[in-house]
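To start, the structure under review is shown below, and the notes come after it.
The values are calculated or read from the model by the stated rules, or taken from the named source; none is laboratory data. Source: prediction; values computed, not measured. Using ideal geometry, Cβ is built from the backbone for each residue, glycine included, and neighbour counts are taken over all protein chains shown. Heavy atoms of the whole protein, side chains included, go into the accessibility calculation; ligands, DNA and RNA do not. Shrake-Rupley method; radii C 1.70, N 1.55, O 1.52, S 1.80 Å.
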Amino acid sequence: QVDESKEVESIVPSYACQRRTTLENHNTVFTDALSLLAENAELSDEDGRGVAFRRAAAVLKALHSPVTDLLQLRGLPCLGGHSLRVIKDVLENGASSEVECTKQSERFKALKVLTGIFGVGAKTAERWIREGIHSLPQLQDSAHTLNRAQQASLEHYDDLNQPVTKAEGDAIGEIVEKAVMSVLPGAQITLIGGFRRGKLTGHDVDFLITHPEEGREVGLMPKVVSWLESKGFLLYQKTTRNSYLESKDGPARPSSNMDRFERCFSIFKLPEDAKEGTKQTETLTEETPEDTGRLTTPSLVKDEGSESTKRANLKPWRAVRVDLVVSPISQFAFALLGWTGSKLFERELRRWAGHEKAMSLSSHALYDNTQSKYLRASSEEEIFAHLGLEYIPPSERNA
Ligand code: GTP
Ligand code: MN
Ligand code: MN
């Protein structure tokens, strides 16, 4: 229903879940700058500032043309003074001095390197930096004992910090499908996260598993994990049980943001030939310019290595982060909506529900505080309808 005329920009609604945000971004120069400041804030335990920058970036992502003048931003929501200063700087000087300064700061660089280890959050990284640990070799030389997730992630650091392609995601999907089908025929597997939104790369691959008969999904995860382990597909896994049924507080009011589905954080060992076995359409090889242009990740190996030594060192597999979630069919629509993202879109949906509708939305349920009852839904469309929102398909949730 959105009118494509010029006027549209002046009526950008303020919640990201009211807007259609595709992957086509006409303002990357601004959104990259704001996203970097958001990341820096989040890594510095300043979540409020982080969200403000994320919201500002999301508004610019939703525009249909590039911003060339500050005047074009009049009337747009979520653009605070700080974000406007950054945009102004980029418009006038081609770059934001604050962003350039942050990028080059030792602190930011160290935070990035250390939180590049899966299982290392901002707080841990901060503590290590205070102790003078700024790099991976320094971390390894320190007396710190790492937990299992951190060890596994450090071991596969370069692989895990290299974007996962859609082709790799599809190859993992086939493996997961085989695993699930052999332990529970009739179960259903859905690709969630960034790939469901149409992204071409991601930091991991996410899957939601359910069964059309309520209850049949109970105990599924350990079986899937055993199958995968027996076939040598897992480098690391940590399964957390479903704590939803045994918890006392209402499902829509979880004590934390973390939901309580049976869930598995894992690192897959993806054979290179498994990738070739799937769709050949956009298979990226190691030499694509796009790939070499990616954010340089610090290598554990001191020697940078020429193209030929890199090739000689090529393993016949690569490590990929994979998230598996199991949901009962009665909660499937909520899980699907909650795990498709983007993170900001999800946050905004919950904010909309709470502030505008007096409802509590989680990945398990939707509770209407006015009527004091749960609202059922068997599709994402129904949840949007309950929330009084126009339905936004996954490809337009890239806020
Ligand atoms: P890339 O992986 O970088 O492509 O982005 P992504 O959008 O797939 O992000 P990610 O895999 O981190 O998360 C996917 C979605 O799942 C996001 O919308 C998150 O908000 C959501 N999510 C991640 N972890 C949790 C969690 O512990 N609980 C809940 N409820 N949602 C989560
Ligand atoms: Mn993901
Ligand atoms: Mn994930």
I need the full set of residues from the range 166-207 which are hydroxyl-bearing (Ser, Thr, Tyr) and either within 15 Å of ligand 3 (Cβ to nearest atom) or crowded, with 21+ Cβ neighbours inside 10 Å (or both), in order please. THR190, THR201
Can you name the residue in the range 346-382 that is crowded, with 17+ Cβ neighbours inside 10 Å and of a type in the set (A, V, I, L, M) and, of all such residues, is nearest to GLU262 (Cα to Cα)? ALA365
Can you confirm whether LEU37 is open to solvent by less than 20 Å² (accessible area, probe 1.4 Å) and farther than 23 Å from ASP204 by Cβ? yes
Just to verify a result, which residue in the range 324-335, among those that are open to solvent by 10 Å² or more (accessible area, probe 1.4 Å) and touching a strand residue (DSSP E or B) at 6+ places or on another chain (Cβ under 6 Å), is farthest from ligand 3 (Cβ to nearest atom)? ILE329
Determine, yes or no, whether GLU356 is acidic (Asp, Glu), under 23 Å from the mean Cα position of the chain (by Cα) and under 28 Å from SER35 (Cα atoms). no
Taking the range 300-358 and keeping residues more than 25 Å from LEU114 (Cα to Cα), at pLDDT 95 or above and charged (D, E, K, R) leaves GLU346, ARG347, GLU348, ARG350, ARG351, GLU356, LYS357
Which residue out of ALA56, ALA52, ALA95, ALA122 is open to solvent by less than 10 Å² (accessible area, probe 1.4 Å), under 29 Å from ALA16 (Cα atoms) and among the aliphatic types (A, V, I, L, M)? ALA56
Cβ-Cβ distance below 6 Å, separation of 6 or more or different chains: which pairs start in the range 183-207 with a residue that is among the charged types (D, E, K, R) and end on one that is more than 12 Å from ligand 3 (Cβ to nearest atom) and part of a strand (DSSP E or B)? ARG197/ARG397
What do you reckon, is GLY94 over 21 Å from the mean Cα position of the chain (by Cα) and at pLDDT below 95? no
GLU213: of a type in the set (Asp, Glu), more than 16 Å from ligand 3 (Cβ to nearest atom) and surrounded by 15 or more Cβ atoms within 10 Å (Cβ to Cβ), yes or no? no
Inter-residue pairs, beta-carbon under 7 Å, first closer than 18 Å to ASN93 by Cα and touching a residue at least 24 places away in the same chain (Cβ under 8 Å) and in the range 26-50, second open to solvent by less than 40 Å² (accessible area, probe 1.4 Å) and small (Gly, Ala, Ser), 6+ apart: THR31/ALA57; ALA33/SER96; LEU34/ALA56; LEU34/ALA57; LEU34/SER83
Quick check on my filter: what residues within the range 98-112 are open to solvent by less than 80 Å² (accessible area, probe 1.4 Å), assigned to a helix (DSSP H, G or I) and free of Cβ contacts under 8 Å to residues at least 24 places away in the same chain? GLU100
Considering residues of the range 138-160 that are outside any loop (DSSP other than H, G, I, E, B), in contact with a helix residue (DSSP H, G or I) (Cβ under 9 Å, 6 or more places away or on another chain) and open to solvent by 30 Å² or more (accessible area, probe 1.4 Å) only, the residue farthest from LEU314 (Cα to Cα): GLN138
Take ARG85 and decide whether it is open to solvent by 40 Å² or more (accessible area, probe 1.4 Å), within 30 Å of ASP323 (Cα to Cα) and in a helix (DSSP H, G or I). no
